Amino acid sequence: MSDFIQVRGFEEAVRPPIDPRRARITDRTGPVGVRSGEASPGARLGRIARRVPEVVVKITGRTRDGGHLSSHLLYISRNGALPLEGPDGERLEGRAAVRMLAEDWMAEVAAEPGRRRDSSVSLSIVLSMPPGTEAFRTQDAARDFAARTFGGTHPYVFACHTDERHPHVHLTVRMLGDDGRRLNPRKADLQQWRETFAAALRARGIEAEATPRRARGVVRKAERTPLRKLRDRFEAGTGPPSDRDRAAWREAMAEGATGAWTEALRQRQAKVRRYYVAQALALRRSPSAADQALAGELEAFVKAMPPVRTRQEALEQAIVRRGKTRRDEGAAGPERRR
């Protein structure tokens, strides 16, 4: 696909809604030993059209003191049963070694000039892939990611968990760097972390991408785990609804609650779809069999893209359905009594 026909709009379609220049601690993603051409627009477009797995890189929390740090490290090491791996491949095994690491980090942090008592000690990050991904490749990609992102600046340890359906790595990074600077990532850093992790996976033979939601036709954000668990308990009748859900239902019940931002989402999504359609039409004019195949994949991808539907709209539709059900039950009442 050396003569790949590219229409204008690719960068806009896959550009995250954040400025990479706002990253505080991460440089732009560089080559990670990738095969020739795999970082090209054509190769990336093919991965998007095939819906290759999207990497997950998320910050799951911060520790605040020595006890919290020790408990967290014992958790990710499964109470010392799993080795914790750090820079240069050193491995810590057993509860005593884990506790000693926590004490060493706390000693360094306690000596920080002007440190506030409530400042974070470590940052907890999870890197994961869907079920079926080989765990050892995920772990090796995480090893590469950690070395490229934090090696030489911030101490870290990680452990790979394989006791769930999807392999994932728990990475814990000390907030205080060896140079005295504290870790303070922004959303732009997180996006670049995703791109670095995806590139590391591809270098190990695992297809992976780090595209923004809009490039895949997804509008709604992934739900946070604590909120999902609260909703599950409420729906099971074992707990109250969350404050956020209460507010969402009130807003959905308000007449005309759907605002201009929903229309903006639709317009932005329409632009992304138009790009894919234009790209498919351009590829159809190519004599290359590979381009023709990619055109077909893009056409199928656009047809399968979900409609723009926000959570608020989903709640509004649920309210309408509930009202219709109650009216139908009320109308059927007299018939049932006869």
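What tally of residues in segment 151-171 results from selecting those that are outside any loop (DSSP other than H, G, I, E, B) and either over 17 Å from residue 92 (Cβ atoms) or of a type in the set (D, E, K, R) (or both)? Step through it out loud before you land on a result.
Narrowing segment 151-171 to residues outside any loop (DSSP other than H, G, I, E, B): 156-161, 168-171.
Cutting the leftovers down to either over 17 Å from residue 92 (Cβ atoms) or of a type in the set (D, E, K, R) (or both) gives us 168.
Selection size over segment 151-171: 1.
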**Complete:** Counting only residues in segment 83-119 that are touching a residue at least 60 places away in the same chain (Cβ under 8 Å) and closer than 27 Å to residue 210 by Cβ, the one surrounded by the most Cβ atoms within 10 Å (Cβ to Cβ) is identified as 84
**Residue in segment 63-82 that is surrounded by the fewest Cβ atoms within 10 Å (Cβ to Cβ), counting only those that are farther than 13 Å from residue 158 by Cα and hydroxyl-bearing (Ser, Thr, Tyr)** = 71
**Asked** Residues in segment 174-185: is at least one crowded, with 18+ Cβ neighbours inside 10 Å, farther than 23 Å from residue 88 by Cα and not hydrophobic (A, V, I, L, M, F, W, C)?
**Response** yes
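Suppose we filter 297, 316 for residues that are at pLDDT 90 or above and buried (at least 16 other Cβ atoms within 10 Å of the Cβ); which single one remains? It would help to see each step written out before you state the result.
Numbers: 316 fails: at pLDDT 90 or above.
Answer to the selection: 297.
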**Message:** Which condition from (1) touching a residue at least 24 places away in the same chain (Cβ under 8 Å); (2) over 23 Å from the mean Cα position of the chain (by Cα) is the one that residue 72 breaks?
**Reply:** (2)
**Prompt:** Is at least one residue of segment 191-204 assigned to a loop (DSSP other than H, G, I, E, B), at pLDDT 90 or above, under 28 Å from residue 291 (Cβ atoms) and not assigned by TED's automatic domain parsing to the domain that holds residue 291?
**Reply:** yes
**Asked** residue 120 passes all but one of (1) in contact with a Lys or Arg (Cβ under 9 Å, 6 or more places away or on another chain); (2) more than 19 Å from residue 181 (Cβ to Cβ); which number fails?
**Response** (2)
**Prompt:** For segment 193-219, which residues satisfy the criterion of being buried (at least 18 other Cβ atoms within 10 Å of the Cβ), out of contact with any Lys or Arg (no Cβ under 7 Å at 6 or more places or on another chain) and either free of Cβ contacts under 8 Å to residues at least 60 places away in the same chain or farther than 15 Å from residue 142 by Cβ (or both)?
**Reply:** 211, 215
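The values are calculated or read from the model by the stated rules, or taken from the named source; none is laboratory data. Given the structure is predicted, the values throughout are model-derived calculations rather than measurements. Reconstructed Cβ throughout: ideal geometry from the backbone, glycine too, with neighbour counts over all protein chains shown.
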